[in-house]
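Chemist: One structure follows; several queries about it will come next.
The values are calculated or read from the model by the stated rules, or taken from the named source; none is laboratory data. What you see is a predicted model, and the numbers here were worked out from it, not measured in a lab. Here the Cβ positions follow ideal geometry from the backbone for every residue, glycine too, while neighbour counts run over all protein chains shown.
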């Protein structure tokens, strides 16, 4: 994987167990911002088992880092050999508007291609309007729901790689 660099800010894969505590804090912050219950799609179980869900071959978390501080993240979760789900795109409030979300998504797309995925899928709740505009800018198109009982207003997207 190539490492993207913007000044002193880098994007790199999460390393467990070293990044676990900081990443869990970041993901909790993300879920709080979304205002979703921790029961949504098994979030509590996922959070306790990040090392299982987000290490190869099942997935990867990419971190936006400055020094030893985490500014944002995005994850890929395998749905078989050809499809990966983009999850947890998040940039902390004070770092928004600096193109970091686009840098994270570009890194995730590159990582998916490196891992030979053919398609990316994702679900986005209404609050994520900026992220949804970014997905469309990057070539994602509308898709059918890929999990049952999504929150009201959830939009689904896919990208052929």
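Chemist: Using the structure shown, decide if residue 37 is over 16 Å from the mean Cα position of the chain (by Cα), surrounded by fewer than 13 Cβ atoms within 10 Å (Cβ to Cβ) and either more than 25 Å from residue 148 (Cβ to Cβ) or without any contact (Cβ under 8 Å) to a residue 24 or more places away in the chain (or both).
Modeler: yes
Chemist: Restricted to the stretch 16-32, and to residues that are in contact (Cβ under 8 Å) with a residue 24 or more places away in the chain and touching a helix residue (DSSP H, G or I) at 6+ places or on another chain (Cβ under 8 Å), which residue is surrounded by the most Cβ atoms within 10 Å (Cβ to Cβ)?
Modeler: Here the answer is 23.
Chemist: Separate question: Residues of the stretch 120-142 being under 19 Å from residue 83 (Cα atoms) and surrounded by 16 or more Cβ atoms within 10 Å (Cβ to Cβ), which ones? Please lay out each step first, then the result.
Modeler: Residues of the stretch 120-142 under 19 Å from residue 83 (Cα atoms): 120-124, 135-136, 138-142.
Correct list: 120, 121, 122, 123, 124, 135, 140.
Chemist: Can you tell which of 89, 64, 70, 77 is farther than 17 Å from residue 109 by Cα and either in contact with a helix residue (DSSP H, G or I) (Cβ under 6 Å, 6 or more places away or on another chain) or at pLDDT 95 or above (or both)? I'd like the intermediate steps shown before the answer.
Modeler: Details: 89 fails: farther than 17 Å from residue 109 by Cα; 64 fails: farther than 17 Å from residue 109 by Cα; 77 fails: farther than 17 Å from residue 109 by Cα.
Answer to the check: 70.
Chemist: Here is a follow-up. Looking only at the stretch 116-143, count how many residues are closer than 18 Å to residue 77 by Cα, without any contact (Cβ under 8 Å) to a residue 40 or more places away in the chain and touching a strand residue (DSSP E or B) at 6+ places or on another chain (Cβ under 7 Å).
Modeler: Count: 6.
Chemist: For the stretch 64-145, please list each of the strands (runs of 3 or more DSSP E) lying entirely inside it that holds at least 2 residues being more than 16 Å from residue 157 (Cα to Cα).
Modeler: Numbers: elements: 69-78, 83-91, 119-124.
Fully inside the stretch 64-145 and qualifying: 69-78, 83-91.
Chemist: Which condition from (1) at pLDDT 95 or above; (2) farther than 19 Å from residue 84 by Cα is the one that residue 28 breaks?
Modeler: (1)
Chemist: In addition: (1) over 23 Å from residue 12 (Cα atoms); (2) out of contact with any helix residue (DSSP H, G or I) (no Cβ under 8 Å at 6 or more places or on another chain): which one isn't true of residue 125, the others all being true?
Modeler: (2)
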